[in-house]
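Shown next, in structure tokens, is the structure this report addresses.
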Amino acid sequence: MKAALLCLEICAACSPSVAADPGAVAAPQSRSFYPTQLSAPVPDYAELIAKPPARPSGELRRRAQVAAPRDAKAIGRAWIERLMARQALGGYGMAGKASDGPIDAIDTLLTASEFDGWVEANGWTMPRHIDWSFQPELVRPTVSESAAAAVRLWTASEARTGAQLQALEAGRIVMRDGCLWVSQAGRPDRIAWLHAETGLDRDSDGYLTLVDRVTGEFMGRLGEELVWAGPNRLDAPDWKIADARQVCGQADVFPVGNPQSVDRMAAQYPHLQSGGRSVRGVDGARR
């Protein structure tokens, strides 16, 4: 894997330079040519958000069907340990007010189909006295066919996100020679690390765009001002961080979550700009 990535980097170094206009995405002539997109005009978000998003697909909840057995505490602990070992635990809840009550709700970072396959492969039986929550299915690829030739290395988590902190962070995410970078005022550029629910596509005007892989929605063009919930934990193994630095450059890797355009947010939530409230904070981001 690492040897293949190194080959891609060497080939890219021999490729012709990108277009003079940094806001334009030059159509890749071959796999050894990677584009740069540092800015992009804001599309008509009123028109885009008027199109209904796809409903999250897949089973999201599975309610408890029987009363808790006497050994409910031990059963709950066993399932928490299994999910933690698989790095697929989103959270859990306990019955009653005591801190050591039996677990009666579990939120997983798996889709229902992934969970059922995992349970079957291990010969387990899913407890029926627990409320289960699952992640929606992803309806879009990480990188679409139309955008694939533009990407030197896709830097994003493969694990689903689940609950996250809700402080608002802001900046620009750009494509530079096939790699994603995050640019924030007063800070050096860093390699951008996305959540699994965000993918890359190319719109009808040729610009590289971020999309919501759950709903298929257009979330913003690379180079626009973006906002995202955070701060986020960098859930990348050391070898992936090393690969990102080898391919994209020696810089910090920074988790940017699931970003969306501030102009999209303004079009979708116009009340945030009314009543004299400030919609732009530090780094020029709307709040």
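The values are calculated or read from the model by the stated rules, or taken from the named source; none is laboratory data. Computed from a predicted structure; not experimentally measured. Note: ideal-geometry Cβ built from the backbone for every residue, glycine included; neighbour counts use all protein chains shown.
In the set (1) farther than 29 Å from Thr215 by Cα; (2) touching a residue at least 40 places away in the same chain (Cβ under 8 Å), the condition left unmet by Met94 is number (2). For the criterion of being modelled with pLDDT of 95 or more and surrounded by 14 or more Cβ atoms within 10 Å (Cβ to Cβ), Arg286 fails. Here Ala54 fulfils each of the conditions (1) at negative phi; (2) at pLDDT 95 or above apart from (2). Name the single residue, out of those in region 80-103 being in contact with a strand residue (DSSP E or B) (Cβ under 6 Å, 6 or more places away or on another chain) and within 17 Å of Arg61 (Cβ to Cβ), that is surrounded by the most Cβ atoms within 10 Å (Cβ to Cβ). The selected residue is Ile103. Taken together, the residues in region 169-208 that are under 20 Å from Phe33 (Cβ atoms) and in a strand (DSSP E or B) amount to 10. Quick one: would you say Ala68 is surrounded by 15 or more Cβ atoms within 10 Å (Cβ to Cβ), out of contact with any helix residue (DSSP H, G or I) (no Cβ under 8 Å at 6 or more places or on another chain), in contact (Cβ under 8 Å) with a residue 60 or more places away in the chain and within 30 Å of Thr36 (Cβ to Cβ)? Spelling it out, it is not the case that Ala68 is surrounded by 15 or more Cβ atoms within 10 Å (Cβ to Cβ), out of contact with any helix residue (DSSP H, G or I) (no Cβ under 8 Å at 6 or more places or on another chain), in contact (Cβ under 8 Å) with a residue 60 or more places away in the chain and within 30 Å of Thr36 (Cβ to Cβ).
Quick one: count up the residues across region 218-235 that are assigned to a strand (DSSP E or B) and in contact with a Pro (Cβ under 6 Å, 6 or more places away or on another chain). Show your work before the answer.
Narrowing region 218-235 to residues assigned to a strand (DSSP E or B): 218-221, 225-230.
Checking the rest, the ones that are also in contact with a Pro (Cβ under 6 Å, 6 or more places away or on another chain) come to 226, 228.
Summing the residues that are assigned to a strand (DSSP E or B) and in contact with a Pro (Cβ under 6 Å, 6 or more places away or on another chain) in region 218-235 gives 2.
For region 108-117, which positions are of a type outside the set (Asp, Glu) and closer than 21 Å to Gln65 by Cα? Once the filter is applied, which keeps residues that are of a type outside the set (Asp, Glu) and closer than 21 Å to Gln65 by Cα, region 108-117 yields Thr108, Leu110, Thr111, Ala112, Ser113, Phe115, Gly117.
As for region 111-118, it holds at least one residue that is hydroxyl-bearing (Ser, Thr, Tyr), touching a residue at least 12 places away in the same chain (Cβ under 8 Å) and out of contact with any strand residue (DSSP E or B) (no Cβ under 8 Å at 6 or more places or on another chain).
Exactly one residue out of Arg128, Arg61, Arg77 is surrounded by fewer than 18 Cβ atoms within 10 Å (Cβ to Cβ), under 25 Å from Val214 (Cα atoms), touching a residue at least 24 places away in the same chain (Cβ under 8 Å) and not acidic (Asp, Glu), and it is Arg61. Looking at this structure, is Val119 of a type in the set (Val, Ile, Thr) and either at pLDDT 95 or above or not in a loop (DSSP other than H, G, I, E, B) (or both)? Criteria met by Val119.
Using the structure shown, decide if Thr215 is among the polar types (S, T, N, Q), at pLDDT 95 or above and either under 16 Å from the mean Cα position of the chain (by Cα) or assigned to a strand (DSSP E or B) (or both).
When the stated conditions are applied, Thr215 does not pass them.
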